Amino acid sequence: MCPQLSPRMPAARRRPLPGASTVTDVPKDMKRWLGDGGMAILGAIGVRFDDFGVEDDDHAGWATAIWEPAALACNPHGTVQAGVHAVVLDAAMNFAVNAGLSGRDRTKATIEMKTETMRPASVGDTLAVRGAVVRETRQIAFAEARIESADGKLVSRATGTFLLHRAE
């Protein structure tokens, strides 16, 4: 059974600036990115995206994944390296931002990211991952992501800023 994220993660909020484009009522179909998110490295380290969507009240994107760390993600002692946490958190935030964009709009680059690792993760753990958009402007999206253990304890988290490409 997959762990569920605890209710401690606040609902994502996005407040576009005046003049910024908004999401249409039809969410982007991101089903082809479920699984490894289109990035072989994610599959190799044990990440599987399993769901995505937009919040009903503000159309902010979100994405969830299950992470069962593979040996490739770990140091010789079986503990996941902090940089690998960063890869997973970055991917979750990126997926969430893209889930909330419309049409051919997409993320272009991660501009800035801050990560914190609070608890160790190891081979054999089953971890829940969630990324969510906090705010979006015309050119920039702000997102957050967290990784929790099967018992709901925070393992790592990140905030990030993403450059957007608008296909107009």
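The values are calculated or read from the model by the stated rules, or taken from the named source; none is laboratory data. Being a predicted model, the structure only gives us computed values, none of them experimental. Positions of Cβ are backbone-derived with ideal geometry, glycine not excepted, and every protein chain shown enters the neighbour counts.
As a summary of the residue check, Ala91 satisfies the conditions (1) under 11 Å from the mean Cα position of the chain (by Cα); (2) in a strand (DSSP E or B) except for the one numbered (2). For residues in region 119-168 being touching a helix residue (DSSP H, G or I) at 6+ places or on another chain (Cβ under 6 Å) and over 30 Å from Ala71 (Cα atoms), which is surrounded by the fewest Cβ atoms within 10 Å (Cβ to Cβ)? Among those that are touching a helix residue (DSSP H, G or I) at 6+ places or on another chain (Cβ under 6 Å) and over 30 Å from Ala71 (Cα atoms), it is Ala141.
So which of Gly83, Gly124, Gly100 is within 19 Å of Leu72 (Cα to Cα) and modelled with pLDDT under 95?
Exactly one residue qualifies, and that residue is Gly124.
For region 56-72, the set of residues classified as surrounded by fewer than 18 Cβ atoms within 10 Å (Cβ to Cβ) and in contact with a helix residue (DSSP H, G or I) (Cβ under 8 Å, 6 or more places away or on another chain) consists of Ala70, Leu72, listed by residue number. A search for C-beta distances below 8 Å between a residue of region 70-84 that is free of Cβ contacts under 8 Å to residues at least 24 places away in the same chain and any residue that is surrounded by 14 or more Cβ atoms within 10 Å (Cβ to Cβ), counting only pairs 6+ apart in sequence or on different chains, returns Asn75/Gln81; Gln81/Ala73; Gln81/Cys74.
Test Glu116 against the stated conditions and say whether it is surrounded by fewer than 24 Cβ atoms within 10 Å (Cβ to Cβ), over 26 Å from Ala167 (Cβ atoms), of a type in the set (D, E, K, R) and in contact with a Gly (Cβ under 8 Å, 6 or more places away or on another chain).
Working: surrounded by fewer than 24 Cβ atoms within 10 Å (Cβ to Cβ): yes; over 26 Å from Ala167 (Cβ atoms): yes; of a type in the set (D, E, K, R): yes; in contact with a Gly (Cβ under 8 Å, 6 or more places away or on another chain): no.
Against the criterion (surrounded by fewer than 24 Cβ atoms within 10 Å (Cβ to Cβ), over 26 Å from Ala167 (Cβ atoms), of a type in the set (D, E, K, R) and in contact with a Gly (Cβ under 8 Å, 6 or more places away or on another chain)), Glu116 does not qualify.
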